[in-house]
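Notes to accompany the following structure.
The values are calculated or read from the model by the stated rules, or taken from the named source; none is laboratory data. These numbers come from a predicted model, not from an experiment. A quick note on method: Cβ atoms are made from the backbone with ideal geometry, for glycine too, and the neighbour counts reach across all protein chains shown. Remember, those area values only see protein heavy atoms, side chains included, never the ligands or the DNA or RNA. Shrake-Rupley method; radii C 1.70, N 1.55, O 1.52, S 1.80 Å.
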Amino acid sequence: MTIGAQPHAESWYANKEEGPVFPVLEGEEEVETVVVGGGLAGITTAFCLARIGKSVALLEANRVGWGASGRNGGFVSPGYAQSIFAIEKQLGLPKARALFNMGRAGTQFVAERLDEFGLQHLVGGRGWLKCVRYPAEDALKERAERMARDYGVHYQVWPREAVRETLETDRYFGALHDPEPFHLDPLAYSRALSVAAADSGARIYEASPATGLSRESGGWRVTTPKGTLRARHVVLAGNATQVGLYPPLEHAVLPVSTYVVTSEPLGDRLDKAIHFSGCIGDTRRSSDYYRIVGSGDDRRLLWGGRITTARSEPKELARMLTRDILSIYPQLGAFRTEYAWGGLMGYQRNKMPVIGLLAGARDAGLWGVTAFGGHGMGATATGGNLIAAAIAAGDESWRAFEPFLPAWIDRLVGGRNIFGQAATQLVYWQLRLMDRWQESRGKL
Ligand SMILES: Cc1cc2nc3c(=O)[nH]c(=O)nc-3n(C[C@H](O)[C@H](O)[C@H](O)COP(=O)(O)OP(=O)(O)OC[C@H]3O[C@@H](n4cnc5c(N)ncnc54)[C@H](O)[C@@H]3O)c2cc1C
C-alpha cells in the first residue's frame with residue numbers, strides 16, 4: 001500500500017488481485033512531460049510517449065486506475081458521450097466521420113494492447129446489443145442504414161422475436177447489434193498499461209497528488225506534497241476529481257456519479273434470462289447496461305445504471321439496482337448483491353472530451369485530455385494517442401477536437417464557476433428527459 005493514497009473502490013475488479021505499487025514522488029526531477037492523473041487518459045498518454053523514448057512522469061493522487069478507469073462497466077466501444085448525429089449536425093458529415101474514425105482507432109488501440117500484452121483473457125465477450133424499450137423497428141433500420149452509408153459500420157437490426165430469444169424479457173422491442181465493441185476488466189487493463197508504460201521508461205508515482213501548477217521560464221513546475229517536477233509540457237488528465245490545479249478547465253468539467261453492482265455467483269440461473277456473452281444495454285442514456293462476468297458456476301451479472309449529481313453513494317444503492325435488474329428479469333428471483341460501488345464521470349456541457357492545448361496557454365505546453373463522460377474506455381485511448389503525438393512530433397490531428405475545447409470559459413466567466421451544481425443538474429436532466437422524450441415518440 002502506498003502512503004496517503006485512497007484505496008480502490010470495493011469492486012468486483014479490485015478484489016481479484018493486488019496490482020502493482022508505484023513509489024511516491026520525493027525530491028525534484030526534470031522531465032519533458034508531466035501527466036497529471038493515472039486514469040486511462042493519463043496512462044495512455046504516458047505509455048505512448050515512453051514507448052517512443054520521450055521522458056515522461058505521471059502523477060496519480062491515489063492508485064493507478066483508482067478513478068473511473070478502474071471501476072467502470074468495462075464496455076469498450078468507439079464513439080463519445082455525445083451522439084455522432086449531434087456532432088454531425090454541429091460540424092457536418094466529413095468532420096463527424098473523421099471524429100468517428102478517430103474513436104474507432106481508440107478502440108483498436110485497446111484491442112492491440114491486449115494482444116501485445118497477452119491479455120485476451122481479460123475480454124469477457126464481444127458485440128453490443130443496444131435494446132429499445134418501445135416499438136421502433138423503422139428507427140432502428142434507419143439508424144443502421146445511416147451508420148453503414150455515412151460511417152462505414154455495419155449494425156444488424158434484431159427484431160423483437162430475435163431479441164426475446166436471446167434476452168428473456170418482455171421489456172425490449174428490438175435491438176441493434178454492433179459487432180465492434182467488447183468488454184473487459186478495466187482495472188486489470190489500466191494496471192497492465194501502466195506497468196508497460198513504466199517498463200518503457202515512464203516514471204509513475206502513486207499517492208502523489210499534483211497540488212500546484214505554475215509557469216516558469218521554458219516550461220512548468222508541478223508540485224506535490226513531497227516533490228517537484230519541472231517540464232516543458234504538462235498534460236491535465238484528472239477527470240472530475242481534479243480540483244484547484246487549473247480552474248478554467250476544472251470549471252468546465254461537471255461531475256456526475258453513476259453506479260455498478262455485481263451479483264453473487266448465479267451460474268445456471270443466468271441461463272433462464274440471458275443468452276448473450278457481449279455487452280447489453282438499452283438506448284436510454286442514463287439507464288441500464290450489463291454483462292455476464294466470470295465463467296461456469298462463478299458467472300455473475302455486472303449491472304451499471306442510474307446517475308446522480310451527489311458525490312456520496314445512495315444508501316440504498318444495491319437495493320435500487322437490484323430492483324432495476326428484477327424489473328427486467330424477474331425470473332432471476334432474489335439474489336445477493338456482492339459488490340456495489342459508484343464512480344465519477346466528468347462531462348463538459350457539450351458532452352465531448354477536452355483533447356488539446358488549453359485556452360490561455362496556447363503554445364505554452366499545457367494540454368488537457370479529460371471529460372470523457374460515460375464513454376471513455378475507447379476515447380481515452382484516442383485522446384492519449386493524439387496528445388502524445390502532438391507533444392512528440394508536433395502532430396496537429398488533435399485539432400479535430402478544437403471545436404469542443406472550453407476556451408470560452410476563460411473569456412466569459414473569467415474562470416469563475418458560475419454554473420457549478422446547477423449546470424451538472426441541467427446535463428443530468430437533459431439526459432433523463434431525452435430518454436423519456438425518445439420513448440414517448442418511439443425514436444432513437
Ligand atoms: C461507474 C462507471 C461506469 C462506466 N462505464 C463505462 C463503460 O462501460 N464504458 C466506457 O467507455 N466508459 C465508462 N465509464 C466512463 C469511463 O470510465 C471514463 O470516461 C474514463 O475512465 C475516464 O478516464 P480518465 O483517465 O479521464 O479519468 P479517471 O479514470 O477518473 O482518472 C483520473 C485520475 O486522476 C487522478 N487525479 C485527479 N486529480 C489529481 C491530481 N491533482 N494529481 C494527481 N492525480 C489526480 C484521480 O485520482 C484519478 O485516478 C464509466 C464511468 C463510471 C464512473
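Scanning for something within 14 Å of the ligand (Cβ to nearest atom), surrounded by 17 or more Cβ atoms within 10 Å (Cβ to Cβ), among the basic types (K, R) and touching a residue at least 60 places away in the same chain (Cβ under 8 Å), does segment 195-208 turn up at least one residue? The answer is yes, given that some residue of segment 195-208 is within 14 Å of the ligand (Cβ to nearest atom), surrounded by 17 or more Cβ atoms within 10 Å (Cβ to Cβ), among the basic types (K, R) and touching a residue at least 60 places away in the same chain (Cβ under 8 Å).
For the condition of a type in the set (G, A, S), part of a strand (DSSP E or B) and open to solvent by 30 Å² or more (accessible area, probe 1.4 Å), A334 does not qualify.
Can you say whether L187 is closer than 22 Å to Q108 by Cβ, more than 21 Å from the chain's Cα centre (by Cα), in contact (Cβ under 8 Å) with a residue 12 or more places away in the chain and open to solvent by less than 10 Å² (accessible area, probe 1.4 Å), as far as the supplied structure shows? In short, no. Among strands (runs of 3 or more DSSP E) entirely within segment 234-323, having at least 3 residues that are touching a helix residue (DSSP H, G or I) at 6+ places or on another chain (Cβ under 8 Å) singles out 254-263, 300-308.
Matching residues to (1) in contact (Cβ under 8 Å) with a residue 24 or more places away in the chain; (2) among the basic types (K, R):
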residue: L302; (1), (2): yes, no
residue: R319; (1), (2): no, yes
residue: F335; (1), (2): yes, no
residue: E338; (1), (2): yes, no
residue: R349; (1), (2): yes, yes
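Being out of contact with any strand residue (DSSP E or B) (no Cβ under 6 Å at 6 or more places or on another chain), buried (at least 16 other Cβ atoms within 10 Å of the Cβ), closer than 27 Å to N72 by Cβ and among the acidic types (D, E) is not true of D178. For segment 220-249, residues that are touching a residue at least 40 places away in the same chain (Cβ under 8 Å) and surrounded by fewer than 20 Cβ atoms within 10 Å (Cβ to Cβ) total 8. Can you confirm whether segment 170-179 contains a residue that is in a strand (DSSP E or B), closer than 23 Å to A5 by Cβ and within 14 Å of the ligand (Cβ to nearest atom)? No, there is no match, as no residue in segment 170-179 is in a strand (DSSP E or B), closer than 23 Å to A5 by Cβ and within 14 Å of the ligand (Cβ to nearest atom).
Among residues of segment 226-272 being more than 12 Å from the ligand (Cβ to nearest atom) and acidic (D, E), the one that is nearest to T211 (Cα to Cα) is E264.
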